[in-house]
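Everything below concerns the one structure shown next.
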Amino acid sequence: MKVTFNSGTNKSRWRNSEEEKLSVRAWVHFLGGGLGAMLGAILTSPLEVVKTRKQAYQNTEMLTSNSFLGSNTLLSIRALWQREGIYSLYRGLGTHLAGVIPARSLHFFVYGTSKRVLTQKLQTESFIIPIISSATAGATVVTFTQPIWLVKTRLQLQTLLNKDTLYNNPWHALKTIIQTEGFKALYKGMSASYLGLTETVLQFSIYETMKSSALQYKRKKDNQASLNVPEYLTLSSISKLIASFLTYPHEVIRTRLREQRSTQARYTGPFQGLRLIAKEEGIKGLYAGMCAHLLRVVPNAAILFLTYEFTLAYFCSLDKKRREN
């Protein structure tokens, strides 16, 4: 990425315009999404584990008590570490990486490609472009990666207190689930994941709208056609925060659907599940684990989008240099 420094302010500026980023090759979007996903998943894994534990039905009593999975997220992390060891904070990370890297790579690949094609077809910066692009990308990812997320959820919900539910590794978990629950069990929670596309569409729409507004403002103010690092971090964090807060209940029912065995089908679908949770546990149940979720997804989104934008800008610079030479 080509970066220049203002000698008076010593601030770095992204020098590649958004129009130039649209022209980069499709595999660059794939690479940027994968790198961002990997960094975000590793850095926020403890929060992901605590969030999943809090969402699960098997921990309902813990959520309403002063136990180690109480309301305070940071205390929950410390207590989980003390009770089950530091490894417990990264339980399911291998499966998470195996899912999130190809998922985000595929997401940004489809998103970037769709956005470029739609922009060329419509010849405008219509608000409908990020909506269609993000929905297409999200649906593609959900369809292809659902079994990975189910295995990841089951691994994260394991505790040292329930020896009979322990899976030795992701492959053992996959085989056990298929043998004991059938192949269809791998797609538990997929309906809730499709419902969760509302979050993806909302996040990307807010992000693209704010980014477009910020770029227009900068062009009018000082003729700058690009954003800097803090601005990208701010926009990605705000968009994720708003989208996650507004659509969070789908996260809870998705975990509940993935958690249950065939013989324990309390929840038959996302809408029935949401009604049942609201009836039995109230609003608190619908937003169980939200603090841990927001503490994870907001910085995770910032890391993801910053890495993605950095990758696009870097390869855009390389392409520009080749053309100039």
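The values are calculated or read from the model by the stated rules, or taken from the named source; none is laboratory data. What you see is a predicted model; the values in this text were computed from it and never measured. Cβ coordinates were reconstructed from backbone atoms using ideal geometry, including for glycine residues, and neighbour counts include every protein chain displayed.
Hey, among ALA288, ALA302, ALA292, which residue is outside any helix (DSSP H, G or I) and either of a type in the set (Gly, Ala, Ser) or in contact (Cβ under 8 Å) with a residue 40 or more places away in the chain (or both)?
On the way: ALA302 fails: outside any helix (DSSP H, G or I); ALA292 fails: outside any helix (DSSP H, G or I).
So the residue among ALA288, ALA302, ALA292 that is outside any helix (DSSP H, G or I) and either of a type in the set (Gly, Ala, Ser) or in contact (Cβ under 8 Å) with a residue 40 or more places away in the chain (or both) is ALA288.
In the list ILE253, ILE238, ILE242, which residue meets the criterion of being touching a residue at least 24 places away in the same chain (Cβ under 8 Å), farther than 22 Å from LYS54 by Cα and in a helix (DSSP H, G or I)? Break it down stepwise before answering.
Details: ILE253 fails: farther than 22 Å from LYS54 by Cα; ILE242 fails: farther than 22 Å from LYS54 by Cα.
None of the other options fit; the residue is ILE238.
Given (1) surrounded by fewer than 19 Cβ atoms within 10 Å (Cβ to Cβ); (2) touching a helix residue (DSSP H, G or I) at 6+ places or on another chain (Cβ under 7 Å); (3) modelled with pLDDT under 90; (4) polar (S, T, N, Q), identify the lone condition not met by GLN156.
Evaluating GLN156 over (1) surrounded by fewer than 19 Cβ atoms within 10 Å (Cβ to Cβ); (2) touching a helix residue (DSSP H, G or I) at 6+ places or on another chain (Cβ under 7 Å); (3) modelled with pLDDT under 90; (4) polar (S, T, N, Q) leaves (1) as the failure.
Among TYR207, TYR217, which is the only one that is at pLDDT below 90, hydroxyl-bearing (Ser, Thr, Tyr) and either assigned to a helix (DSSP H, G or I) or within 18 Å of the chain's Cα centre (by Cα) (or both)? Spell out how you get there, then give the answer.
Numbers: TYR207 fails: at pLDDT below 90.
Going through TYR207, TYR217 in turn, the sole match is TYR217.
I'd like to verify a number: residues in segment 71-108 that are of a type in the set (Ser, Thr, Tyr) and either under 16 Å from LEU31 (Cα atoms) or crowded, with 23+ Cβ neighbours inside 10 Å (or both), how many? Can you show your working first?
From segment 71-108, those of a type in the set (Ser, Thr, Tyr) are 71, 73, 76, 87-88, 90, 95, 105; that's our starting set.
Now drop any that are not either under 16 Å from LEU31 (Cα atoms) or crowded, with 23+ Cβ neighbours inside 10 Å (or both), which leaves 76, 95, 105.
Residues flagged as of a type in the set (Ser, Thr, Tyr) and either under 16 Å from LEU31 (Cα atoms) or crowded, with 23+ Cβ neighbours inside 10 Å (or both) within segment 71-108 amount to 3.
Could you grab me the full set of residues in segment 124-156 that are under 19 Å from GLY189 (Cβ atoms) and β-branched (Val, Ile, Thr)?
THR140, VAL141, VAL142, THR143, THR145, ILE148, VAL151, THR153
Out of segment 95-130, which residues are of a type in the set (Val, Ile, Thr) and under 20 Å from VAL297 (Cβ atoms)? Before you say what the answer is, go through the steps one by one.
Just the residues of segment 95-130 that are of a type in the set (Val, Ile, Thr), to begin with: 95, 100-101, 110, 113, 117, 119, 124, 128-129.
Result: THR95, VAL100, ILE101.
Based on what the data block shows, is THR136 β-branched (Val, Ile, Thr) and either surrounded by fewer than 21 Cβ atoms within 10 Å (Cβ to Cβ) or without any contact (Cβ under 8 Å) to a residue 40 or more places away in the chain (or both)?
Values: β-branched (Val, Ile, Thr): yes; either surrounded by fewer than 21 Cβ atoms within 10 Å (Cβ to Cβ) or without any contact (Cβ under 8 Å) to a residue 40 or more places away in the chain (or both): yes.
Judged against the criteria, THR136 is a match.
Which one of TYR111, TYR194 is surrounded by fewer than 22 Cβ atoms within 10 Å (Cβ to Cβ), part of a helix (DSSP H, G or I) and of a type in the set (Phe, Trp, Tyr)?
Details: TYR111 fails: surrounded by fewer than 22 Cβ atoms within 10 Å (Cβ to Cβ).
Only one candidate passes the filter, namely TYR194.
Looking at (1) surrounded by 14 or more Cβ atoms within 10 Å (Cβ to Cβ); (2) in a loop (DSSP other than H, G, I, E, B), can you tell me which one THR268 breaks?
If we test THR268 against (1) surrounded by 14 or more Cβ atoms within 10 Å (Cβ to Cβ); (2) in a loop (DSSP other than H, G, I, E, B), just (1) comes out false.
Within segment 197-226, take every residue that is closer than 19 Å to THR247 by Cα and of a type in the set (A, V, I, L, M) and give me the one that is surrounded by the most Cβ atoms within 10 Å (Cβ to Cβ).
Among them, the one singled out is VAL201.
Being in contact with a strand residue (DSSP E or B) (Cβ under 7 Å, 6 or more places away or on another chain), under 30 Å from PRO130 (Cα atoms) and either at pLDDT 80 or above or among the aliphatic types (A, V, I, L, M) (or both): is that true of VAL24 here? Before you say what the answer is, go through the steps one by one.
On the way: in contact with a strand residue (DSSP E or B) (Cβ under 7 Å, 6 or more places away or on another chain): no; under 30 Å from PRO130 (Cα atoms): yes; either at pLDDT 80 or above or among the aliphatic types (A, V, I, L, M) (or both): yes.
No, not satisfied.
Exactly one of (1) in contact (Cβ under 8 Å) with a residue 12 or more places away in the chain; (2) over 22 Å from ARG104 (Cβ atoms) is unmet by GLN272. Its number?
Here GLN272 clears every test but (1).
All but one of (1) aliphatic (A, V, I, L, M); (2) without any contact (Cβ under 8 Å) to a residue 40 or more places away in the chain; (3) outside any helix (DSSP H, G or I) hold for LEU227; state the number of the condition that does not hold.
Looking at each condition in turn, LEU227 falls short on (2).
State the number of residues belonging to segment 79-99 that are in a helix (DSSP H, G or I), of a type outside the set (S, T, N, Q) and within 22 Å of LEU39 (Cα to Cα). Lay out the reasoning, then the answer.
If we filter segment 79-99 for residues that are in a helix (DSSP H, G or I), which is where we start, we get 79-84, 86-90, 93-99.
This time we only want the ones that are of a type outside the set (S, T, N, Q), so: 79-81, 83-84, 86-87, 89-90, 93-94, 96-99.
Cutting the leftovers down to within 22 Å of LEU39 (Cα to Cα) gives us 81, 86-87, 89-90, 93-94, 96-99.
Of the residues in segment 79-99, 11 are in a helix (DSSP H, G or I), of a type outside the set (S, T, N, Q) and within 22 Å of LEU39 (Cα to Cα).
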